[in-house]
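The values are calculated or read from the model by the stated rules, or taken from the named source; none is laboratory data. Quick caveat: nothing in here was measured; it's all calculated off a predicted structure. A quick note on method: Cβ atoms are made from the backbone with ideal geometry, for glycine too, and the neighbour counts reach across all protein chains shown. Keep in mind that these areas ignore ligands, DNA and RNA; they rest on the heavy atoms of the full protein, side chains included. Shrake-Rupley method; radii C 1.70, N 1.55, O 1.52, S 1.80 Å.
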Amino acid sequence: MEITHTQYKHCDLVKVKGRVDSYTAPQLSETFNKITEEGRFKIALDMSELDFMSSAGLRALINTQKVCKRYNRGELVLVAVPENIRAALDLAGFIPLFKIYDDVLTAIGNF
Amino acid sequence: MTYSPPLEIFDRPTTPLIITRSFPGRYDSLASIGDFVRGMSEKAGLDTFAVYTVEMAVDEACSNIIEHAYQGEDIGPIACTCKISNDGLTIILEDEGRPFDPNAVAPPDLTSNLEDRPTHGLGLHFIRQWMDEVHYEFQPGRGNRLTLYKKRPPALKKNNTRKR
């Protein structure tokens, strides 16, 4: 798994590549936590090069979404979700809880 | 003229192909376990999405073994057996830990609002929903044994010529 984080004026872009499982998910959570601990709650997650995400990764998403949406201060949005991972989000009942965008520019432009 | 048998003969073995590998019960084994079952799923002729569901189910089951059966890393091994048969793929996961019966875990509530969403129990939900059969047994003195079965859809048999 590889994570890159870009901070923009109004939001943060996190790109995660490779495999998010019980071994690597803590690093993803830590990246999100660092952003929200700085008082920044508008985050876009670019999943275009993500190969695999287990329930440990889904937990990181839902926990971050809870923190971001609290007091209406922001939200975590998902970008370029691969088909297999979208099926997992769907089975987990996560689709209504996240906005999903096709590309990074649109996601960032909507904050 | 030489006889070349149809590819299907190689892709769909008539006798089951069985391979067992043992992995350390650690979270950093998950990627190697994933590589192993993905390779076997492809060999079994499962389609791309079915391969993903098998990798996911096995990943969730192995995470549960480390977290619940062993209650920590490096306590014992995870033995993973893949059996390719004519109708699909069977995966058997064996550990030497405490009994962890997935049937005793209630399904998660997936309709509640964001704040009330449970953050655990999702893994078993994937296993139950995505595998065609799930069988659990605890063997005293040996440990847990979880058997997962994924059927190969009949429609795919004909075009099953993918090679890796």
If I ask for residues that are in a helix (DSSP H, G or I), within 27 Å of B:LEU124 (Cα to Cα) and either open to solvent by 30 Å² or more (accessible area, probe 1.4 Å) or not hydrophobic (A, V, I, L, M, F, W, C) (or both), which ones from region A:88-111 would you list? A:ASP90, A:LEU91, A:ILE95, A:PRO96
Mind checking which residues of region B:1-35 are in a helix (DSSP H, G or I), at pLDDT 95 or above and of a type outside the set (A, V, I, L, M)? B:TYR27, B:ASP28, B:SER29, B:SER32, B:GLY34, B:ASP35
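One line per residue, one yes/no per condition, for (1) in contact with a Cys (Cβ under 6 Å, 6 or more places away or on another chain); (2) farther than 18 Å from B:PHE126 by Cα; (3) facing chain A (nearest Cβ under 10 Å):
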residue: B:ALA44; (1), (2), (3): no, yes, no
residue: B:MET56; (1), (2), (3): no, no, yes
residue: B:CYS62; (1), (2), (3): no, no, yes
residue: B:TYR70; (1), (2), (3): no, yes, no
residue: B:ILE78; (1), (2), (3): yes, yes, no
residue: B:LYS83; (1), (2), (3): no, yes, no
residue: B:GLY88; (1), (2), (3): no, yes, no
residue: B:GLU96; (1), (2), (3): no, yes, no
Tally up the residues in region A:1-31 that are more than 14 Å from chain B (Cβ to nearest Cβ) and free of Cβ contacts under 8 Å to residues at least 60 places away in the same chain, please. 12
Considering each of A:VAL20, A:VAL67, A:VAL16 in turn, give the residue that is open to solvent by 10 Å² or more (accessible area, probe 1.4 Å) and either among the aliphatic types (A, V, I, L, M) or in contact with a Pro (Cβ under 6 Å, 6 or more places away or on another chain) (or both). A:VAL67
Those residues of region A:48-63 which are open to solvent by less than 10 Å² (accessible area, probe 1.4 Å) and of a type in the set (Ser, Thr, Tyr) amount to A:SER54, A:SER55
Sole exception among (1) surrounded by fewer than 17 Cβ atoms within 10 Å (Cβ to Cβ); (2) touching a strand residue (DSSP E or B) at 6+ places or on another chain (Cβ under 6 Å) for A:VAL77, by number: (1)
How many of the residues in region B:122-148 are more than 18 Å from B:LEU46 (Cβ to Cβ), in a loop (DSSP other than H, G, I, E, B) and touching a strand residue (DSSP E or B) at 6+ places or on another chain (Cβ under 7 Å)? 0
Report every pair of residues separated by at least 6 positions or lying on different chains whose Cβ atoms are under 6 Å apart, first residue within region A:59-72 and more than 9 Å from chain B (Cβ to nearest Cβ), second among the small types (Gly, Ala, Ser) and open to solvent by 10 Å² or more (accessible area, probe 1.4 Å). A:ALA60/A:SER29; A:CYS68/A:GLY74
